[in-house]
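Worksheet for the structure shown next.
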Amino acid sequence: FNQKKTNYLHEQRDKEEKLRIEKIKTRNEAEKFQQRIIIYASIAGLLLTFVFLYFIYKRYKLSLRQQQIIQAQKKIVEVKNKEITDSINYAKRIQEAMLMSVQEFRAFLPASFVLFKPKDIVSGDFYWVSSLSNGEVLVALGDCTGHGVPGGFMSVLGINLLNEIVNERKVLEPDEILNLLRTRVISSLKQDGAEGNSRDGMDILLCKIDLNKKHFSYSSANRSLYVYLQGKLQRLAGNRMPIGYYEND
């Protein structure tokens, strides 16, 4: 009986030992599996991090190249803008040289002022004065189509044509001057009403002042004349016809 009991106890201990060893093996395998998962996850995380860093680096390099291209284009634009601005500023000096100075203006008309504020560097508006030998003064105020460079071209054309008509051709009456000015503008710009042709021109008011006789006459192409006389302000509407091509005669 004692022998059997001893054998039984040995068998129980062996079983318990085997169970303990199995538990240890199972726990070790679980730990190893968990470690493998952690290692794989770490490797995957590192790979993802490297991929992410690679794309960030590629994006950074692309951004640098784009920045370099933008900077190069910006320099080109700045150079072009400077060239254009320098050209327009030079055109402004030419335009200012063609316009009479305020001092010269007041030499002919002492009780006068000039308000000239171009929207751009060069102006599509202009004023023009000519002193005649008989004590009369011609004054014109022009508003050309467009502003900036196109308007500046038109203002130079208008000043040149007025000088030609008055100083060379000796046409001295306001209505005759404007009629001839319209003909010359249409001819200069080759305006015949055809589709796509220039329809540029100007609105202009031309006044003739006889300083000796205190006589005033004017002609207007699509501009109004304001007269302040005896405490009252009067608006005198001009002819609706502009200087330049117009559908109606």
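If you plug the beta carbon distance of residue 81 and residue 117 into 1/(1 + (r/R0)^6) with R0 = 25 Å, you get a FRET efficiency near 0.60.
Given a cut-off of 18 Å, what percent of all Cα-Cα pairs of the range 5-142 lie beyond it? Intermediate values should be presented prior to the final figure.
Details: 7491 of 9453 pairs.
Here the tail beyond 18 Å accounts for 79 percent of pairs.
When the Gaussian network model of the chain links Cα atoms closer than 10 Å, the mean-square fluctuations of 132, 236, 180 top out at 236. All distinct Cα pairs of the chain go into the 1/r average, and the inverse of that average, the Kirkwood radius, is 25.8 Å. In the range 129-220, the portion of solvent-accessible area held by carbon and sulfur atoms comes to 51 percent [1.4 Å probe, whole percent, DNA, RNA and ligands not counted].
I'd like to check one number: the per residue accessible area of the chain, probe 1.4 Å, reported in Å² as a whole number.
Each residue of the chain exposes 73 Å² on average to a 1.4 Å probe.
In this Cβ point-charge picture (+1 for Lys and Arg, -1 for Asp and Glu), the chain has a dipole of about 2400 debye about its Cα centre. Since only 68, 99, 88 are under comparison, the one whose Cα sits farthest along the positive direction of the charge dipole of the range 1-131, derived from C-beta charges on Lys, Arg, Asp and Glu, is 68.
Using a Gaussian network model of the chain whose springs link C-alpha atoms within less than 10 Å, name the residue from 92, 232, 208 with the highest mean-square fluctuation. Highest fluctuation among the options: 232. Taking the longest Cα principal axis of the chain as reference, the axis of helix 174-188 is set at about 50 degrees. Eigen-decomposition of the gyration tensor built on the alpha-carbon atoms of the range 146-242 gives equivalent ellipsoid semi-axes of 27, 17, 12 angstrom, largest listed first.
The values are calculated or read from the model by the stated rules, or taken from the named source; none is laboratory data. Please read all numbers here as calculations on a predicted model, not as lab measurements. Counting neighbours? That spans all protein chains shown, and the Cβs are built from the backbone with ideal geometry, glycine included. Ligands, DNA and RNA are excluded from the accessible area calculation, which covers all protein heavy atoms including side chains. Shrake-Rupley method; radii C 1.70, N 1.55, O 1.52, S 1.80 Å.
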